[in-house]
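One structure is given below, encoded as structure tokens.
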Amino acid sequence: MGRVAAVVFTLGLGFPLAGMAQTAPAAAAEEPKRYELGGITVSGARYLDTNTLIGLTGLRIGDPISIPGEEIGKAIRKLWDQGILGDVSVSISRTEGNRIFLDFNLKERPRLSKFEFTGISKGQAQDLEKKIKLIRGKVVTDALLSNTRTQVRKFYTNKGFLDAKVNITQLPDSSLSNSVVLKINVDKGGKIRIKDIAFEGNESYKDSKLKGKFKKTKEKKFPKILNSGKFQRAEFEEDKKKLVEFYNAEGYRDAVIVSDTLVRNGDALALRITVDEGPKYYFRNISWAGNYLYDDKTLASVLGIKEGSVYSKETLDKRLNYNPTGQDITSLYMNDGYLFFSIDPVETKVDGDSIDIEMRITEGVQARVKDINIAGNTKTSDHVLRRELRTLPGDKFNRELLIRSQREIATLGYFDPEKVGINPVPNQADGTVDINYTVVEKPSDQITLSGGWGGYAGFIGTVGLVFNNFSLRKAGDFRNWTPVPAGDGQRLALNVQANGLQYQAYSFSFTEPWLGGRKPNSLSFSLNKSIQRVGTSFDASSEQSIKVNSAAISLGRRLRWPDDYFTLSNSLSVSQYKLKNYPYFQGFSNGNANNITLNTTLSRNSIDNPTYTRRGSSLAMSVNLTPPYSVFSGSHPNVNEWVEFHKWMFDASWFTPIVGKLVLNTRAHFGFIGTYNSSRSIGPFERFKLGGSGLAAGGGGNFLVGTEYIGLRGYSDPNDPNALPTARSGASGGVAYNKYVMELRYPVSLNPAATVYVLSFAEAGNAFNNYTDYNPYKLYRSVGFGARVFMSAFGLLGFDYGRAFDTVPRTSSTQATQDRNQFHFIIGQQIR
């Protein structure tokens, strides 16, 4: 073996260095010499696998190699690019003839054992841990340190701390080999806020108007105390786009933002924005080309843009492609199957401030639905979704019905309504389209474990189970009980309420929404039993009580006229009331009363989402009729033995989007009870009571005597002695009521596990003991605010704070002072 040439290549601190020291003449160093690679060794590696490192070099035994040459340089760069080494050097360990043996000497980077923050609060440190996502055991590279600094600075920059400084120190961890602790010191500095935003070049709109188009970039100055004043470049860029879009929508199609300048003055920022509005343009001539199905006049009528209208690309796009408040050109074609339709508006002439547009149309052929695919329904059976679809295989494609199908799936309540997806997949070759629906299951069953205070019974505990997606078909197979058979869209509800022996109520109900499975005809039946005892003495001889047994069956069906949002249901209910020394009904304290009622309800529901509704309406008109016993000859003299009445109710609710997700809900409610015979008084059953959250003894009182409890926030609950004067001279409630509500809603979270929204309201209502006193203009008014939480497992939870405007009159027996401020808690039902 000849003398060993000591040729060393090093890579340290990220900079490659190459040198050569040998005994050969200097001239030999200038010309590369070819060798065969005889072997590779690794030194300095303590924790990394040497075979893996050799493999990373890309060098193989037997490869030809030049000294000096680029092969070793490439090998060093490949190792360095892994980011796990702090230094790499290569030396020739020996040569044997034309064979050369190399040794890679490495210095490993340390690994992260732990990290900690200094200079900030514990809460902010926890938030940062989630942001920067440092993983213990990861190699501490320059990129990791740089990324950590960047993420921490970005975190505080977004909070308005533009001068935040981050210093990271590496300290050896004595408990672990080749490990370090990162000390991340943060100096936030002071908050820097935008104190002034000014515009230059704006002649058509004042600064205040243009500032209003910024959604995130706001000034922090009085009286705008709720604005954060933070400056974030990414959000500012988005706000600039919105400003240009505003100008474009107002006819300034050439408007641009020329420049923006951020001026720093201590802890205050001044934002200067220069705009070039350009001229304002107007539509002039609109012509059509390529249209055969509809003539120019029809298309112009649907478009609805007249000559001289302000030129707006936003308006043009809505009228051509999707107009949420009316028909558009694309809908006109696509609702008739023309899926391959396209329209291209082209500016053909710009003359001064006027623009001519040519609408170039490609109508294509009608497409028919080929296959319908559904994905994501892991619990709900396919047929439950398919029966709600309005477009079926073989039908012409119809965009309106496709959107309607999406709405029907969303309102089932089994899926996240925000994630119901529709993806038409057209095949222009054969003129068909496949429609792919995607859904995300959400929990729909509910369990109720609650307690409440009722005016008669005191504290009442409730245990309830509601299975909204039950399957009676699967109940015969024990394997489907997980914990109950599910997936067929049936509803099973069980409920128990009790306060010892003083009050007990049991209910059971079952609903099949598609009786027979072919048509949307629903069948429901329910059984209820309750007993209420007055006082604390339950001796049989002196007991004061009312016992109620009832059963009901209902048939409903979806109508096609006036439209298929309408449903009609008819139900028959039978109730028996057993009274024993019951003190709350004037003139009727002992005996039995029977109630046979036929109910007919006509309703229309077009809301888009049952948990947080943005648009649509819900209307219902119902009438409850008992047999007219009093008109029959020989009727029983006891008017309470066979309950007689007719009850009419109307409920209406409209939802209107205001801006973004802000929604206005307006409601109106009316109810009237009468008898068939004017000489016969209305009995104590089936009354109206207003006040509070609409809750009373027994969770609403319907189990007892059919009383309708209607909420009126800001006033006491119906059974409270300070409540509205619906009970007078021993009567048990009102025979007529009317109520009006305006409510603004805004969502905090639309997560299906817990949908949360806040609200403010103004409402007014009253109930009347007789029609002599009825006055629809005499209303008790209130305003307030509140919140609602829809939890998939527990249903509705909420609270309201109401402020009453009007004073409730007092009877001689009710002298308590009225509290005009009321907190109301809601469990399991909405305030009507």
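Annotations for the structure displayed:
- Residue list for region 540-573, restricted to those being within 17 Å of Glu686 (Cβ to Cβ) and not hydrophobic (A, V, I, L, M, F, W, C): Asn549, Ser550, Ser571, Ser573
- Hits in region 350-368 - residues which are charged (D, E, K, R) and over 13 Å from Met334 (Cα atoms): Asp351, Asp353, Asp356, Glu358, Arg360
- Just one of the listed residues (Lys159, Lys165) is outside the structural domain of Gly266 (by TED's automatic domain parsing) and within 37 Å of the chain's Cα centre (by Cα), and it is Lys159.
- If you go through region 255-311 and keep only what is closer than 30 Å to Lys230 by Cα, loosely packed, with under 15 Cβ neighbours inside 10 Å and small (Gly, Ala, Ser), you end up with Ser259, Gly266.
- Checking Phe688 against (1) surrounded by fewer than 19 Cβ atoms within 10 Å (Cβ to Cβ); (2) among the hydrophobic types (A, V, I, L, M, F, W, C); (3) closer than 23 Å to Ile546 by Cα, the condition it does not meet: (1)
- Selection of first residues in region 193-216 that are within 16 Å of Ala249 (Cα to Cα) and of second residues that are assigned to a strand (DSSP E or B), restricted to Cβ pairs under 6 Å at least 6 apart or on distinct chains, gives the following pairs, ordered by first then second residue: Asn202/Val275; Leu210/Phe199.
- Only one of the numbered conditions (1) outside the structural domain of Lys159 (by TED's automatic domain parsing); (2) among the small types (Gly, Ala, Ser); (3) surrounded by 13 or more Cβ atoms within 10 Å (Cβ to Cβ) is not met by Ala125, and that is (1).
- Exclusive hit being part of a strand (DSSP E or B) and in contact with a Pro (Cβ under 8 Å, 6 or more places away or on another chain), set Val180, Val186: Val180
- Summed over region 315-369, residues that are among the small types (Gly, Ala, Ser) and surrounded by 16 or more Cβ atoms within 10 Å (Cβ to Cβ) total 4.
- Per-region count, region 147-178, residues of a type in the set (Gly, Ala, Ser) and modelled with pLDDT of 85 or more: 1
- Among the candidates Arg745, Arg728, the residue that is at pLDDT below 80 and either farther than 15 Å from Gln822 by Cβ or outside the structural domain of Val574 (by TED's automatic domain parsing) (or both) is uniquely Arg728.
- The conditions of being under 17 Å from Leu271 (Cα atoms), in a loop (DSSP other than H, G, I, E, B) and not small (Gly, Ala, Ser) are not met by Phe199.
- Residues located in region 273-320, provided they are in contact with a strand residue (DSSP E or B) (Cβ under 7 Å, 6 or more places away or on another chain) and β-branched (Val, Ile, Thr): Ile273, Thr274, Val275, Ile286, Ile305, Val310
The values are calculated or read from the model by the stated rules, or taken from the named source; none is laboratory data. Bear in mind the structure is a predicted one, so any value in this text is a computation, not a measurement. Don't worry about glycine lacking a Cβ; one is built from the backbone with ideal geometry, like all the others, and counts go over all protein chains shown.
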